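The structure appears below as structure tokens.
The values are calculated or read from the model by the stated rules, or taken from the named source; none is laboratory data. Keep in mind the model is a prediction, meaning the values are calculated, not measured. Neighbour counts are summed over all protein chains in view; Cβ atoms, including those assigned to glycine, are modelled from backbone coordinates with ideal geometry. The protein model used for the area step is the full one, side chains on, heavy atoms only, and it has no ligands, DNA or RNA in it. Shrake-Rupley method; radii C 1.70, N 1.55, O 1.52, S 1.80 Å.
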Amino acid sequence: MIKVSVIVPVYNAEKYLAQCLDSILAQSLTELEVVCVDDGSTDKSAEILDQYAWQENRVKVLHQKNGGYGAAMNAGLAAAGGEYVGIVESDDCILPQMYETLYEEAALGKLDVVKSDAFFWYERIGYQKQIHAAHLEPYYDRVLDSMDRNIFFDFYMNIWTGIYKREFLAREGIRFHESPGASYQDNGFWLQTMLYCKKAKWLGQAFYLYRQDNEASSVKSRDKVLAMTREYEYIEKLLLERKDYRYLPYCYYYKLLRHRGNFRRIADGYKREFCEQIRRDYIAYQGFVKGFGELEKWLQEAVLDPEGFCGNAIKAGQEVRKRLGAAQSLIVYGTGHHGDRVFRGLVNEGYYDAVACFAVSEDTEENTLAGKQVLRIEEAVQKYPGALPVIAVAVGSRAYVQMAQRLSGLGVNGYLDGSAVEDSFYIL
């Protein structure tokens, strides 16, 4: 019996494909199949896939004309024969115990969905950071049902850290939106699974290595202005056709929420155009963000003065880049949640080599992080006297005030708020 069918959508992934497939075939769960869908690759991906299928009878390969991520995933779902279905992106890797652990939990609890944590992964610099929602600790490692549905949405949004009961997907008619390219079709699948699953579980362990250093990744594209919007329009249409009106608020809220990240992702030349889409959606759905103060404020600013809003955002981003570029080197002051986000933002924008070290206020057992030293702030300032510190904690927090005072006491008055990096750069 095939317990888990692992679907791997592939398009021009020759650089990472073998590493990905090796990690799946090394799973401690042997009752699995690997369904690889070659979506019209023009590099050597098809040859690599065929070689693996020839050597390993658990690997099944489908070749098709390029139809986009959604079409590839739907082909994989149609070909899957396992009790549960998993998804691994062709540039990512998984740890050996992933599917055995997930399947045991799923079978024991007769669950529709089981998910785990993941790692943000930069292979080149040896950096892994577990994606873990500490505020959700009471909900990890326990069975959640439809009464907990709002909690489902608080966990990290992804489709690949878990397994889905194939019978559940078929019963609810859950499939991917077959829009062109790799344009956020995962959002629609994620939303459907979260809306329709009756029993689910999130594990506090992490097994999935989510690669961040693939420059060809679709999430780094700066010109797909309305792709995310179109995905939520598809979900809205789907819910209306099914007469599932109770779920429309989720769709409308996330459609507005995604605008903020999308605005940061797209190139500056598209921002003014995109503000018109924000305006239309805010007028239509503003009631669904009532009570979400920070998001509502951001949307209102974009709608009421789009020219000034865009101008300020572009100017702020240019100023951040100017200060980063002019600095002899950088000190990331903070290694917690914001320190991770600031660091990943800097790496994604090409500033890894400029980072001299991480800094902390108190002694720590960590000596290095991502190939950089972790020093007390006094040592960091002394060792790198011309470096620009980036305070990587929440602005206005007690820790922020104390860190700013500490820098001032060390004679350092010029620093950069980490929030400026987080607001200016698209960070997953």
Cβ charges +1 (Lys, Arg) and -1 (Asp, Glu), total dipole of the chain, debye: 980
If Thr229, Thr364 are ordered by their accessible area, calculated over protein heavy atoms with a 1.4 Å probe, which sequence runs from highest to lowest? Thr364, Thr229
Show me, for the range 199-208, the HN-Hα J-couplings you get by feeding each phi into the Karplus relation (A = 6.51, B = -1.76, C = 1.60, θ = phi - 60°), rounded to Hz, glycine and proline as x. 9, 8, 8, 10, 8, x, 6, 10, 10, 9
Cut-off under 18 Å on the C-alpha distance; same-chain residues fewer than 8 positions from Lys198 excluded. Which lysines are left, in chain and number order? Lys110, Lys115, Lys165
What is the range 247-336's relative contact order, in percent, from Cα pairs under 8 angstrom and six or more apart in sequence? 27
About the Cα centre of the range 119-198, how large is the charge dipole given +1 on each Lys and Arg Cβ and -1 on each Asp and Glu Cβ? Please answer in debye to the nearest 20. 140
Starting from a Cα-only point model with no solvent, please compute log10 I(q)/I(0) by Debye for the range 207-296 at q = 0.14 1/Å. -0.60
5 angstrom amide H check on Leu369, placed H, neighbours 5+ away: Val374
Accessible surface, the chain, averaged per residue in Å² (probe 1.4 Å): 44
Which residues' amide hydrogens lie under 5 Å from the amide hydrogen of Val6, considering only partners 5 or more residues apart or on another chain, with H built in the peptide plane? Glu33, Val34, Val35, Gly86
The answer for Gly204, listing residues at least 5 apart or on another chain whose modeled amide H is closer than 5 Å to its amide H, is Asp141
Using 0.36 nm per residue, how much length does the chain from Leu108 to Asp154 gain when fully extended, once their Cα-Cα distance is taken away? 14.2 nm
In the range 1-26, whose amide N lies under 20 Å from the spot 7 Å out along Cα-to-Cβ of Ala53? List them in ranges. 2, 4-26
Only helical DSSP H runs with n ≥ 4 go in: add -39500 (n - 2.57) per run for the chain, normalise by residue count and round the 222 nm mean residue ellipticity to 500 deg cm²/dmol. -13500 deg cm²/dmol
Under 16 Å from a point placed 7 Å out from the Cα of Gln97 along the Cα-to-Cβ direction: which residues of the range 196-216 have their backbone N that close? 203-209
Kindly count the pairs of lysines across the range 294-415 whose alpha carbons are less than 25 Å apart, treating pairs on different chains or eight or more residues apart as eligible. 4
Give the aspartates and glutamates reachable from Lys201 as a straight Cα distance under 16 Å; neighbours fewer than 8 places away on the same chain don't count. Glu100, Glu104, Glu105, Asp112, Asp117, Glu137, Asp141, Asp145, Asp148, Asp154
Return the sequence-ordered ³J(HN,Hα) values of the range 364-377 in whole Hz as given by the Karplus equation 6.51 cos²θ - 1.76 cosθ + 1.60 applied to θ = phi - 60°, using x for Gly and Pro. 9, 6, 6, 9, 9, 8, 6, x, 10, 5, 10, 10, 5, 4
Point-to-point label distance, His63-Gln205, nm (Cα→Cβ direction, 7 Å offset): 3.8
Added length on full extension, which subtracts the Cα-Cα distance from 0.36 nm per residue, Thr368 to Ala134: 81.9 nm
Want the number for Arg376 to Ala354: 0.36 nm per residue separation, take away the alpha-carbon distance, what's left? 6.1 nm
Expressed in square angstrom to the nearest 10, the accessible area of Asp268 with a 1.4 Å probe stands at 70
Quick one: with all protein chains in place, what share of the accessible area of the chain is carbon or sulfur, to the nearest percent (1.4 Å probe)? 50
Note the angle between two axes, namely the Cα long axis of helix 227-242 and the longest principal axis of the Cα atoms of the chain, as a number of degrees from 0 to 90, rounded to the nearest 10. 40
Degrees between helix 306-326 axis and first principal axis of the chain (Cα, 0 to 90, nearest 10): 70
What order, most packed first, do the peptides 335-346, 242-253 have when packing is the mean number of other Cβ atoms within 10 Å of each residue? 335-346, 242-253
Round to the nearest 10 and give me the degree value, 0 to 90, for the angle of helix 98-109's Cα axis relative to the longest principal axis of the chain. 60
Per the charge dipole of the range 230-379 (beta-carbon charges, Lys/Arg positive, Asp/Glu negative, Cα centre), the residue among Gly334, Gly371, Gly350 reaching farthest to the positive end is Gly350
Between Gln55, Tyr99, Gly67, whose Cα lies farthest towards the positive end of the dipole of the chain when Lys and Arg beta carbons carry +1 and Asp and Glu beta carbons carry -1, centred on the Cα centre? Gly67
Straight distance only, please: which aspartates and glutamates reach the Cα of Lys224 with their own Cα at less than 17 Å, same-chain residues fewer than 8 apart left out? Glu178, Asp186, Glu215, Glu233, Asp268, Glu273, Glu276
Phi angles of the range 341-347, converted by Karplus (6.51 cos²θ - 1.76 cosθ + 1.60, θ = phi - 60°) into ³J(HN,Hα) in whole Hz with x for Gly and Pro, give 5, 4, 4, 5, x, 5, 5
